[in-house]
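Peer 1: Quick one: this structure, given as structure tokens, is what I'll be asking you about.
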Amino acid sequence: MTLRTHRSAVFLVGMVLLIGCSDHAIEHLAGDVAPTPRRLVVWLDGGGVDAETADRLADSGVDQLVVRRGLIRLSDAAPVVQLHPRPPIGGSLPVAVALELRGVASDVDEQAADAVWSALESDFGDRLPPELILDLPEVGEAAGLFVSRLARRSGLAVVPILTVSQLQTEVGRTVAQAAHRCIVPVFGAQDADLRGLDDMDTQPLAARLAAVESLGVRVRIAVALRPKTEPEVSPWAQDIDPLTDGDAAEIKRTSTLDRTFATRRPLTWGGRDFGAGQSIAVAWVDASRLGFFFRESQRVVLPEVEGWDLVSLPPAGSNLGLDRDELIGYLGGEGPDPAVDLRVNRDGRLLTVEMTNASIFRSAITGFGNWVQVELESGSLVASSRGSFDRVILGSLKSGEWRSNPTGGPDAVRFVETYLAPGESVKTGSIRLPSGRSRVVVRWQVQLSDGATLTGVVD
């Protein structure tokens, strides 16, 4: 038997048309459009990073790290700067500092920026960050003056985080102009890490950024990588595979997030116990969806997209959506397609098929898109056990198209897997053929979360 594999794109409801550029490395995504090299920035999740991980990030194309250090509060008396200790960070990547800024009213004295910088400079010492990132939950009339004064006083780039809604206001646009650039949160699920992700979220990215397209401001697109669950579980949850077992939960496409799982029995997931009949809604970003976000921002001509901020680096180990190895591997040019290996085992009239995902990347969660299909050239087959797949469906191809549950004898069978996890292997139940000489064709399909499909055939 010979194996042939194909990748194609299907377009799902709510997906924007995909474009024909490479999914693999950021430089491939951005190489021919941007007038200046685009920067890739990864935020750390509070605990720092060791030298080995930092070097892997650098080798994968990451230009800068970011740590959140605390709060600046401006008041009538004097500015207050509250800083957390700098976490241990190894490697040679430059490390920017993010601070939340509150209390910027119309009457803030411009010397407040001088006082703030004096406090920051005392903490930084000779380890000056490459830039200061200011998160502004509220944008007062003096924010633009404060940003420009702080930039002049420090000699550093000062980059505000401004939501799509804030950029609809004159005050927000003034702040962006004062800084000559801004970070805009637009993609992802977890609003605990980035504000305003749902602002105009049904609109194309160009429409969401239209308010600043004529300002001469460079934009960094921010993506929240942390998954979201309702009810909340541990911050990065765990791999979704235990929930996709049909005996454990029923998948519902109608959901407050991406998918909802209705538990069929008591189970523990994400560090939380659930009883039978409870609902778990989930939303996540995997490598395929991250690639879609890169491609979508790649098509924006104005305002100029200067790069991307990924918030934040996932922990090592199996997570819902992205884990650390998957992110670093994808940024370094691997994936996002799972590496599907198909093994057909035949003993006379009996046949089984094993499908293995020999990669760190994952499929979409779908009730119909991931399957192995065995087609009989003539006669009828018998298959009753799903094996380790989630479902088995008898069908026919006599009409030239797949039809499930045929009235006559089935000449095809489809084994459906809701989710093909990194490193997972699934095996069909035994299929009985009419004779040891019966000819069969084995096809497979895996769907990705960006709408693309992988297909292959063994004949």
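Peer 1: For Val158, enumerate residues with amide H under 5 Å from its amide H, sequence gap 5+ or separate chain, H modeled in the peptide plane.
Peer 2: Residues meeting the amide H criterion: Leu132.
Peer 1: Going by a ≥ b ≥ c, the root eigenvalues of the Cα gyration tensor, does the stretch 231-283 fall in the rounded group (a/c under 1.5), the prolate group (a/b larger than b/c) or the oblate group?
Peer 2: rounded
Peer 1: Still on this structure, I have one more. Run the simple label-point estimate for Arg439 and Thr5 please: 7 Å along Cα→C-beta, distance reported in nm.
Peer 2: Going from the Arg439 label point to the Thr5 one covers 2.6 nm.
Peer 1: Sticking with this structure for a sec: Only counting other Cβ atoms within 10 Å, I'd like Met355, Met200 sorted with the fewest neighbours first.
Peer 2: Ranked by crowding around the Cβ, least crowded first: Met200, Met355.
Peer 1: While we're here: Any idea what the relative contact order of the chain is, in percent, if you count C-alpha pairs under 8 Å spaced at least 6 apart?
Peer 2: 16 percent.
Peer 1: Now for a different question. Share of antiparallel DSSP beta bridges in the stretch 51-181, in percent to the nearest 5?
Peer 2: Taking every DSSP beta bridge within the stretch 51-181, about 20 percent pair in antiparallel fashion.
Peer 1: Okay, moving on. Need the C-alpha centroid separation for the stretch 393-447 versus the stretch 307-383, integer Å.
Peer 2: First find each Cα centre; the distance between them is then 17 Å.
Peer 1: Compare the Cα positions of Asn370, Leu381, Leu342 along the charge dipole of the stretch 340-458 (+1 at Cβ of Lys, Arg; -1 at Cβ of Asp, Glu; about the Cα centre) and return the one farthest towards the positive end.
Peer 2: Value: Leu381.
Peer 1: Can you compute the charge dipole magnitude of the stretch 178-253 about its Cα centre, using +1 on each Lys and Arg Cβ and -1 on each Asp and Glu Cβ, nothing else charged? Give it in debye, rounded to the nearest 20. Show your work: numbers first, answer last.
Peer 2: Details: 9 positive and 13 negative charges, 137 e Å.
For the stretch 178-253, the charge dipole is close to 660 debye.
Peer 1: Would you work out the Kirkwood radius for the stretch 299-375? I mean one over the mean of 1/r across all pairs of different Cα atoms, in Å.
Peer 2: Result for the stretch 299-375, one decimal place: 16.0 Å.
Peer 1: So, one more: I'd like the trypsin sites (Lys or Arg not before Pro) in the stretch 120-225 restricted to DSSP loop residues with at most 16 other Cβ atoms within 10 Å, sorted by number.
Peer 2: Arg127
Peer 1: Sticking with this structure for a sec: Mind checking which of Val158, Ala210, Pro130 is farthest towards the positive end of the chain's charge dipole, using Cβ charges of +1 (Lys, Arg) and -1 (Asp, Glu) about the Cα centre?
Peer 2: Of the options given, the answer is Ala210.
Peer 1: Could I ask something else about it? In the stretch 200-224, which residues have a backbone nitrogen under 12 Å from the label point lying 7 Å from Leu302's Cα in the Cα-to-Cβ direction?
Peer 2: 210-217
Peer 1: If you don't mind, there's one more thing I want to ask. Place a +1 charge on the Cβ of each Lys and Arg in the chain and a -1 charge on the Cβ of each Asp and Glu, then give the dipole magnitude about the Cα centre in debye, rounded to the nearest 20.
Peer 2: 1620
Peer 1: Could you calculate the contour length gain from Ala115 to Arg86, that is, 0.36 nm times the residue separation minus the distance between their Cα atoms, to one decimal place in nm?
Peer 2: The span from Ala115 to Arg86 would gain 8.4 nm if fully extended.
Peer 1: Shifting gears a bit: Given a Förster distance of 30 Å, report the FRET efficiency between Glu138 and Thr256 from their Cβ-Cβ distance, rounded to the nearest 0.05.
Peer 2: Computed FRET efficiency for Glu138 and Thr256: 0.65.
Peer 1: Would you mind computing the Rg to Rh ratio of the stretch 340-458 from its alpha-carbon coordinates, Kirkwood style for Rh?
Peer 2: Using Cα coordinates only, the ratio equals 0.96.
Peer 1: Identify, among Ser396, Val301, Ala112, the residue whose Cα sits farthest towards the positive end of the charge dipole of the chain, taking +1 on the Cβ of Lys and Arg and -1 on the Cβ of Asp and Glu, with the dipole about the Cα centre.
Peer 2: Farthest towards the positive pole: Ser396.
Peer 1: Starting from the Cα gyration tensor of the chain, multiply each eigenvalue by 5, take the square root, and state the resulting semi-axes largest first in whole Å.
Peer 2: Numbers: eigenvalues 501, 89, 77 Å².
In descending order the semi-axes read 50, 21, 20 Å.
Peer 1: Run the helix sum for the chain: -39,500 (n - 2.57) per DSSP H stretch of 4+ residues, divided by residue count, reported at 222 nm to the nearest 500 deg cm²/dmol.
Peer 2: Numbers: 9 runs with 78 residues, N = 459.
It lands at -4500 deg cm²/dmol.
Peer 1: Can you tell me the orientation of helix 170-179 relative to the chain, as the angle in degrees between its alpha-carbon axis and the longest Cα principal axis, to the nearest 10?
Peer 2: 80
Peer 1: Something else now. Hey, fewest Cβ within 10 Å first, where do Lys252, Lys427 land in order? Mind dumping the intermediate values first?
Peer 2: Numbers: Lys252 13, Lys427 18.
Ranking Lys252, Lys427 by Cβ neighbours within 10 Å, fewest first, gives Lys252, Lys427.
Peer 1: Could you list the GluC sites (Glu not before Pro) in the stretch 386-427 that lie in coil according to DSSP, counting only those with at most 14 other Cβ atoms within 10 Å of their Cβ?
Peer 2: Of the GluC sites (Glu not before Pro), the ones in loops of the stretch 386-427 whose Cβ has at most 14 other Cβ atoms within 10 Å are Glu401.
Peer 1: Express the relative contact order of the stretch 340-458 as a whole percentage, based on alpha carbon pairs under 8 Å and six or more residues apart in sequence. Mind showing how you got there, number by number?
Peer 2: On the way: 298 pairs, mean separation 43.5, N = 119.
Relative contact order for the stretch 340-458 comes out at 37 percent.
Peer 1: If a/c stays under 1.5 just call it rounded; otherwise compare a/b with b/c (prolate if a/b is bigger, oblate if not). Do that for the stretch 177-261, with a ≥ b ≥ c from the square roots of the Cα gyration tensor eigenvalues.
Peer 2: prolate
Peer 1: Now for a separate question. Just grab the label-to-label distance for Thr407 and Asp55, each label 7 Å out from Cα along the Cβ direction, in nm (one decimal).
Peer 2: Here the modelled spin labels are 6.9 nm apart.
Quick note: the coordinates plus some simple rules give every number you see, no bench work behind them. Remember, it's a predicted structure, so these values are computed and weren't measured experimentally. Virtual Cβ from ideal backbone geometry, glycine too; neighbours counted across all protein chains shown.
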